[in-house]
Amino acid sequence: NAGVTQTPKFRVLKTGQSMTLLCAQDMNHEYMYWYRQDPGMGLRLIHYSVGEGTTAKGEVPDGYNVSRLKKQNFLLGLESAAPSQTSVYFCASSWLAGGPSETQYFGPGTRLLVL
Amino acid sequence: AQSVTQLDSQVPVFEEAPVELRCNYSSSVSVYLFWYVQYPNQGLQLLLKYLSGSTLVKGINGFEAEFNKSQTSFHLRKPSVHISDTAEYFCAVIRAGGTSYGKLTFGQGTILTVHP
């Protein structure tokens, strides 16, 4: 199993450009999450999904959109990138069955620099 | 809502010395507690978690943590660290029960640096 993979690993954008980050998991997990990691702030939840075709806002959703058309994929979109979105983005997934006690499995991250 | 405070942003320690990384949390409801580790240029992986029962939880790589409900703490310890333990450690909480949808609240992280 590859686990959770993220594409791309690194990207540089100019202000106003758009891009999509792809997360894929092969563990048949129902729940998927997008976090951003900034120095001294830990990880903050951007959006999450509890199943195919469903998405919901997390703690810091502004400026981002998501889609989950297939159970194994969770896409994070930036329509008009801003320097404040410079960050490391992590995707994670987990089982539904165990509820909140379930372990989240993380991808390796995408480093995004917005100039 | 829940919140997590990791009391030390950086902890330097010599190899084979003991270490404690401190975590306090705030919540008006019961929570589950987690410690995740992030090695350089990698994603996070679970070290250990407290759900219920014994307040001393053992995890991977010789780490353990103790849940203290009265002090709302969940400190991580290791009796003898190795160079390979150099990483950033995150404490996290989630509301127990209900429909939390797995939404973890993370602390700010503690960078553990082990020196030879």
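Every number in this text was worked out from the coordinates using simple rules, so none of it is lab data. This is a predicted model, so every value here is computed, not measured. We place every Cβ from the backbone using ideal geometry, glycine too, and count neighbours over all the protein chains shown.
Please report the relative contact order for chain A, taking Cα pairs under 8 Å with a sequence separation of at least 6, and give it as a percent rounded to a whole number. Computed over chain A, the figure is 35 percent.
Sorted on the mean count of surrounding Cβ atoms within 10 Å across their residues, most packed first, peptides B:61-74, B:3-16 read B:61-74, B:3-16. Considering only alpha-carbon pairs that sit under 8 angstrom and 6 or more positions apart, the relative contact order computed for the range B:7-73 is 24 percent. Mean partner shielding of peptide B:53-65, defined as the number of other chain Cβ atoms within 10 Å of each residue Cβ, is 0. Mean per-residue shielding of peptide A:101-109 is 6, counting Cβ atoms of other chains within 10 Å of each Cβ. Taking the Cα centre of the range B:1-74 as reference, the dipole from Cβ charges on Lys and Arg (+1) and Asp and Glu (-1) amounts to some 340 debye. Lysines near A:K57 by alpha-carbon distance under 27 Å, same-chain residues fewer than 8 away left out - which ones? Within reach: A:K9, A:K14, A:K70, A:K71, B:K49, B:K103. Counting only Cα atoms, the range B:3-115 measures 43, 28, 22 Å along its principal axes, largest extent leading. Between the range A:64-97 and the range B:12-67, what is the C-alpha centre distance in whole Å? What the calculation gives is 26 Å, centre to centre.
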